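Structure, as structure tokens:
What follows draws every value from the coordinates through simple rules; no lab data is involved. Remember, predicted model here, so these are calculated numbers, not experimental data. As a convention, Cβ positions derive from the backbone with ideal geometry for all residues, glycine included, and neighbour counts pool all protein chains shown.
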Amino acid sequence: MPELPEVETIARGLAKRVTGDLVESVWLGQKPEPLKSPAAEIAATLEQSRIATVRRVGKHIVFDLERSAGRVGRTLLSAKGKQTKPARPGSRVKRSLDSSTMHAEADKSVRPTHAVPTNAQWIVHLGMTGSLRICESRDEVLKHTHAILKLASGRELRFIDPRRFGRLSVAKAGDFDAGGYEPLEVELDRFTALFRGRKTPIKSALLNQKLLRGVGNIYADESLFRAGIRPRRRASSISHEQLQKLFLSVKEVLREAIALGGSSVSDYVDADGEEGFFQLEHRVYGREGEPCLVCKSPVKRIVIAGRSSHYCPKCQK
DNA sequence: ACTATTTCCTGGATGC
DNA sequence: TGCATCCAGGAAATAG
């Protein structure tokens, strides 16, 4: 179940291996659930785009795409002869409406094959069981494969997701907004303000992606344990001092988990097929009935908002 | 404006 | 051994 540290690990691994590669063609499966944008739009955006960067935003993986208008223009010209309206899909995307006409006119007359980045994005959410794998084209196409990107390097980037909780979408650059603050970047006063006046359990607030983006069930439980706060405590009832502790705990847990490549539970592996090791550092998650590592009390498991929540009844108040 | 609950989905674990 | 049932959970939708 990829949360922030797993997604960060995956994005870093993908960045190493596909940055600069060109998407030559795209195959999308028939199951509609994983597609948040129309299939034709996803394919059209990806095809003939260069992957400029791969990065994590919350639990999303964002591929920043660039398209060389020169390449497209040249292809069209050679195939169809001189066109009065050269197709340059890149020119319109970034510029404002006011200036686009002028620029288009100028570009057309002076440099019809000038490269203009289109600045689109491919956004992948892995859900519970989604994975992105770099394959050779001869590799067996696994069951539950929903998308295959053929790359100019000869490899394929495949999206596989048995449970289909994952989502694929495309957006123009700058249009994608995951909401919430990045937990590793947020400042203390903004962090504490998130919980002011909220009657919901602190655990639920931590899982709310509109407040903080990227914290999931494992890291919420682990952060609350380190901060000594019970998951059912109402967010508004937590003292400033305790929130300060939670602020530090969240960052500490996430940083340690990223350093260890995330937590490998439910067969999570990163882009290189490597397991993470933070599951060995879990102090409460998945340890129901086992002794607290600090006080030896049995770890309790309760359900909050349908999520299992683990805590030490003695260490957490 | 919030908050709580339900729904989606399948593989693996459990129970009889 | 086989078959049914339950469970995992992120986020969107729905209800209050």
Q: Convert each backbone phi in the range A:168-183 into a coupling constant with the Karplus relation 6.51 cos²θ - 1.76 cosθ + 1.60 (shift: θ = phi - 60°), then list the ³J(HN,Hα) values in order as whole Hz, x for Gly and Pro.
A: 10, 8, 10, 8, 6, 3, x, 7, 6, 10, 7, x, x, 9, 6, x
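Which order, highest average first, do A:125-132, A:11-18 follow once you tally other Cβ atoms within 10 Å for each residue and take the mean per peptide?
Numbers: A:125-132: 20.6, A:11-18: 18.8.
Put in order of decreasing packing, that is A:125-132, A:11-18.
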Q. Efficiency by 1/(1 + (r/R0)^6): what FRET value for residue A:297 and residue A:185, r their Cβ-Cβ distance, R0 = 35 Å, to the nearest 0.05?
A. 0.50
Q.
If I model a spin label as a point 7 Å beyond the Cα along the Cα-Cβ vector, how far apart are those points for residue A:44 and residue A:138 in nm?
A. 3.7
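How high is the FRET efficiency from residue A:200 to residue A:277, r the C-beta distance, R0 45 Å, rounded to 0.05?
Numbers: r = 32 Å, r/R0 = 0.72.
Plugging the Cβ-Cβ distance into 1/(1 + (r/R0)^6) gives 0.90.
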**Q.** Hz values of 3J(HN,Hα) by residue in the range A:128-138 - Karplus curve (6.51, -1.76, 1.60), Gly and Pro given as x
**A.** 8, 10, x, 8, 10, 10, 8, 10, 7, 5, 7
Q: Calculate, axis by axis, the spread of Cα positions in the range A:188-311 along the three principal axes, and write the results as whole Å, longest axis first.
A: 43, 32, 26
Q: Pop a pseudo-label 7 angstrom from the Cα along the beta-carbon direction at both residue A:172 and residue A:244 and give the gap in nm to one decimal.
A: 4.6
(Q) Just to be sure I understand the model, the point goes 7 Å from the Cα along the line to the Cβ. What's the resulting residue A:252 to residue A:52 distance in nm? (A) 3.9
Q) Around residue A:127, which amide H atoms from residues at least 5 apart in sequence, or from another chain, sit under 5 Å from its own amide H, with H modelled in the peptide plane? A) A:167
Q. For the range A:221-238, in order, what is each residue's ³J(HN,Hα) by Karplus, 6.51 cos²θ - 1.76 cosθ + 1.60 with θ = phi - 60°, in whole Hz (x at glycine and Pro)?
A. 4, 5, 5, 5, 4, 5, 8, x, 10, 6, x, 7, 3, 5, 4, 5, 8, 8
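How would you rank A:164-177, A:226-239, highest first, on the average number of other Cβ atoms within 10 Å across their residues? Present the calculation step by step, with values, prior to reporting the outcome.
On the way: A:164-177: 16.2, A:226-239: 17.8.
The peptides rank, most packed first, as A:226-239, A:164-177.
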Q) If the label point is 7 Å along Cα→Cβ of residue A:30, which residues in the range A:116-152 have backbone nitrogen under 18 Å from it? A) A:141-148
Q. Say a paramagnetic label sat at a point 7 Å from the Cα of residue A:193, along Cα to Cβ; which residues of the range A:212-249 have their backbone N under 20 Å from it?
A. A:212-214, A:235-248
